[in-house]
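The values are calculated or read from the model by the stated rules, or taken from the named source; none is laboratory data. Note that the coordinates shown come from a computational prediction; the quantities given were computed from them, not determined experimentally. Cβ placement follows ideal geometry from the backbone for every residue including glycine, while neighbour counts extend to all protein chains displayed.
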Amino acid sequence: MTHAPVPPGATIGFLGGGQLGRMTAMAARTMGYDVRILDPEPDCPARPVASAVITAPWADAKAAAELATGCAAVTLEIEQIPRPSLEAAAAVAPLCPGVEAVYVIQERARQKEWLATNGFPLGPFRTVRHAATAADAVAALGPAIVKSAMGGYDGRGQVRVRTADEGRAAFESLRVPTCVVEAFLDIATEVSVLVARRADGTAVAYPTSRNFHTDGVLTWAVTPSGVGAARESEARALALGIAQKLGIVGLLAVEMFILTDGTLLVNELAPRPHNTYHHSERAHPTSQFEQLVRAICHLPLGAVDVVRPAAIHNLLGDLWSGGAPDFTAALAVPGVRVHLYGKKAARPGRKMGHLSADGATPEEALQRVRTAYDALTA
């Protein structure tokens, strides 16, 4: 099946107007596309970039259909959208990624079970729906993390446990119908791979990003990752295989663990732009945001080779506890840029922006963003 390119001047709809929607909408605007947004927040970050904003809950299927009306394509920046709303949008305009792919990914237990059924490598896990089975899972797996099956990203909805009794208590404390219990792993490195795929099956995988998290929230990311040629090739092939099996149209981020024995395992999937590839604006000829627009508009996918090493460091709301930070010292570090998301209220743990930097080496790029961040907290 052939797909005609969507020319500039057409309208793209976004389910989600947070920072990912904002940055993708800015790329779409640069390429000449109009932008419409649906988001529950009236002052969402993407509002200044959009021609029209529909303020409605994700569960409002009528609003999702309204968003899609007149759009050449609809994409998303958040996967936690109820299936009826996804189907309502898809009935009016092409939804990228499609309903089934998003449905598989958006619930952690469903995602893990799909990956296991299709033969992709995972760490030991159990799906649990009762406190007693959560206790049994921890007894069988040993020290583990109990995670809510829905939501629970950036460290939320997750409890670390070591005993069966702690597993039982964790399930009860999360107060959700389904959880996933994941065994602790001997992790050497965390990496991710971003895949862009068009409706005709054409796909590209970005080089791996090496990532560091604090309490489940990304602190920094850098590329090239330095994992070695063999592991690099394995990770990119794995991500491409998952995207193909899911039939992704748009972007798929695949978070992975490299264990101390060299084993590569899938951690989680995200069918959208991803925090670990914000440095794509610096490191690659084509940012992840422009690439998403290219993919859903059936345009040639852009180059993804590393032109220059780059890194990012997240800026969380904690930095705003004493008022807006003074970025002067951070901007004095060579190669550093400040990216703010336009969020009105800062809260501890909330992603308010990020620093990015390039460098002659990955180590230099990473050191620059870390030095700039330290300057903000001095």
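In the set (1) under 30 Å from residue 305 (Cβ atoms); (2) modelled with pLDDT under 95; (3) not β-branched (Val, Ile, Thr), residue 192 fails one condition alone, (2).
Residues that are closer than 30 Å to residue 9 by Cβ, at least 1 per element: which strands (runs of 3 or more DSSP E) completely within region 288-378 meet that?
Working: elements: 310-316, 336-340, 351-358.
Once the strands (runs of 3 or more DSSP E) in region 288-378 are filtered for at least 1 residues that are closer than 30 Å to residue 9 by Cβ, what remains is 336-340.
Which residues, counting only those in region 119-166, are among the basic types (Lys, Arg) and within 20 Å of residue 212 (Cα to Cα)? Before you say what the answer is, go through the steps one by one.
Pass one, region 119-166, residues among the basic types (Lys, Arg): 126, 129, 147, 156, 160, 162.
Of everything in region 119-166, those that are among the basic types (Lys, Arg) and within 20 Å of residue 212 (Cα to Cα) turn out to be 147, 156, 160.
When the criteria are applied in full, residue 169 fails the requirement of being assigned to a helix (DSSP H, G or I), in contact with a Cys (Cβ under 7 Å, 6 or more places away or on another chain) and either among the aliphatic types (A, V, I, L, M) or closer than 30 Å to residue 6 by Cα (or both). For region 265-292, a residue qualifies if it is surrounded by fewer than 24 Cβ atoms within 10 Å (Cβ to Cβ) and aliphatic (A, V, I, L, M), and the qualifying residues are 265, 266, 270.
Only one of these is in contact with a helix residue (DSSP H, G or I) (Cβ under 6 Å, 6 or more places away or on another chain), closer than 24 Å to residue 299 by Cβ and not assigned by TED's automatic domain parsing to the domain that holds residue 20: 101, 89, 46, 73. Name it. Explain how you work it out, then say what you get.
Numbers: 89 fails: not assigned by TED's automatic domain parsing to the domain that holds residue 20; 46 fails: not assigned by TED's automatic domain parsing to the domain that holds residue 20; 73 fails: not assigned by TED's automatic domain parsing to the domain that holds residue 20.
None of the other options fit; the residue is 101.
Do the conditions hold for residue 265, that is, is it in contact (Cβ under 8 Å) with a residue 12 or more places away in the chain and out of contact with any helix residue (DSSP H, G or I) (no Cβ under 9 Å at 6 or more places or on another chain)?
On the way: in contact (Cβ under 8 Å) with a residue 12 or more places away in the chain: yes; out of contact with any helix residue (DSSP H, G or I) (no Cβ under 9 Å at 6 or more places or on another chain): yes.
Taking the combined requirement at face value, the residue satisfies it.
Residue 53 meets each of the listed conditions (1) more than 22 Å from the chain's Cα centre (by Cα); (2) β-branched (Val, Ile, Thr); (3) closer than 24 Å to residue 317 by Cα apart from (3). With the condition kept exactly as written, say whether any residue in region 96-111 is surrounded by fewer than 19 Cβ atoms within 10 Å (Cβ to Cβ) and closer than 20 Å to residue 257 by Cα. Yes, that holds for at least one residue.
Among residues of region 128-151 being surrounded by fewer than 19 Cβ atoms within 10 Å (Cβ to Cβ), of a type outside the set (A, V, I, L, M, F, W, C) and touching a residue at least 40 places away in the same chain (Cβ under 8 Å), the one that is farthest from residue 258 (Cα to Cα) is 130.
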